[in-house]
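A short write-up of the structure that comes next.
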Amino acid sequence: MRLLFALLSGGLFGAGLLVSGMTDTTKVQGWLDIFGTWDPTLAFVLGGAILPMIVAWRVAARRGAAALGTPLPPKPDRRLDPRLLTGSALFGVGWALAGLCPGPAMASLSYGGPQGIVFLLAMIAGMLIWRAIDAGLLDKGRPA
Amino acid sequence: MIGGAAALFLLVNGRIMGASGLLGGAVDGTGWSNLLERLAFLAGLVGVPALIAMTIARPDTHLTGNLAIVVLAGLAVGIGTRMANGCTSGHGVCGISRFSPRGIVATLVYLGVGATTMVIARHLLGVI
């Protein structure tokens, strides 16, 4: 059941990204180009996604557990650390340069052409690079 | 649809729908305890748009053919989203909607830096 609903949720997410224009890099870059010829339409996509989720978080809080009996995600961490800020800034640079963020990069895999595959591979490489850096930092912090 | 997908994943599976975390945990080994659930989500995320592209209409991503920019951007998105522990779906959709300070701040930072990058790369340097 978990797998079925994960598949359904992923499929609905992918279809939503395609239909809303989030996989069209021209549209995404037009949205980020606030100081150029700004295309505000994707703000409605983000807003339209946030609204049902506000309701979902309320329902989740009242129920205390997910429908399949699994515990809900823990309360959000409130700390704003340098990693959050640096990582988000780096993500902002990459998102603007290509016009793709992780969800749409995967959703468009079948129709994004070879450069879409190159983007996804570079993104995965970046994720593994961060994992290696993070593991190294943890090692250094450990007493010998 | 995006909000519905996130609500479904939260209320039925009890999980936060974050694209970078679901993929990142699957490739770097940190999320192998629920690997099948991640892979099922990713299969839907890739598969359903593929079905739409094959049957209804094939969309165009208009992604640049400049591979130097594509690789640079991919690396930045990969490192950045894992360092910050979230991207547009995790911080933007799921974080903001639960009024998480980290989600709100992360979204303001990547949107602000993204807009600044557009000014520099498009209007000053003309590379994108």
Cα atoms only, chain B: Rg and Dmax in Å? 16.5, 47
Accessible area (Å², per residue) of chain A, counting only protein heavy atoms and a probe of 1.4 Å: 49
Using Cα pairs under 8 angstrom and six or more residues apart, how large is the relative contact order of chain B, in percent? 26
Structure-based [θ]222 nm, the protein assembly as shown - -39500 (n - 2.57) summed over DSSP H runs of at least 4, per residue, nearest 500: -22000 deg cm²/dmol
Report, in degrees rounded to the nearest 10, the 0 to 90 angle that the Cα long axis of helix B:19-28 makes with the longest principal axis of chain B. 80
Give the span of chain A's Cα atoms along each principal axis, as three whole-Å numbers ordered largest to smallest. 50, 44, 31
Debye intensity ratio I(q)/I(0), log10, the range A:52-131, q values 0.23 Å⁻¹ (C-alpha model): -1.01
Cα-based Debye curve of the protein assembly as shown sampled at q = 0.07, 0.08 Å⁻¹ gives log₁₀ I(q)/I(0) of -0.22, -0.29
Find the centroid of the Cα atoms in the range B:3-63 and in the range A:81-119, then give the distance between the two in whole Å. 15
With a sphere of radius 15 Å drawn around the Cβ of A:Gln29, what net charge do the other residues whose Cβ falls strictly inside it have (Lys, Arg +1; Asp, Glu -1)? -2
Folded to 0 to 90 degrees: helix B:2-13 orientation relative to chain B principal axis, Cα: 30
Apportionment of accessible area to carbon and sulfur, chain A, percent (1.4 Å): 70
For the range A:21-27, in residue order, the Karplus 3J(HN,Hα) values (coefficients 6.51, -1.76, 1.60; θ = phi - 60°; whole Hz; Gly and Pro = x) are x, 5, 9, 9, 5, 5, 5
State which stretch of chain A is the longest one without any exposed trypsin sites (Lys or Arg not before Pro), exposure meaning a DSSP loop state and at most 14 other Cβ atoms within 10 Å. A:1-77
Starting from the coordinates of the alpha-carbon atoms of the range A:96-141, obtain the Kirkwood hydrodynamic radius over all distinct pairs and give the value in Å to one decimal. 11.8
Would you pull out the residues with amide H under 5 Å of A:Asp33's amide H, same chain only if 5 or more places away, H placed 1.01 Å from N? A:Asp39
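The values are calculated or read from the model by the stated rules, or taken from the named source; none is laboratory data. No experiment lies behind these values; they were computed from the predicted model shown. FYI the Cβ positions are ideal-geometry reconstructions off the backbone, even for glycines, and counts take in every protein chain you see. With ligands, DNA and RNA removed, areas are computed over all heavy atoms of the protein, side chains included. Shrake-Rupley method; radii C 1.70, N 1.55, O 1.52, S 1.80 Å.
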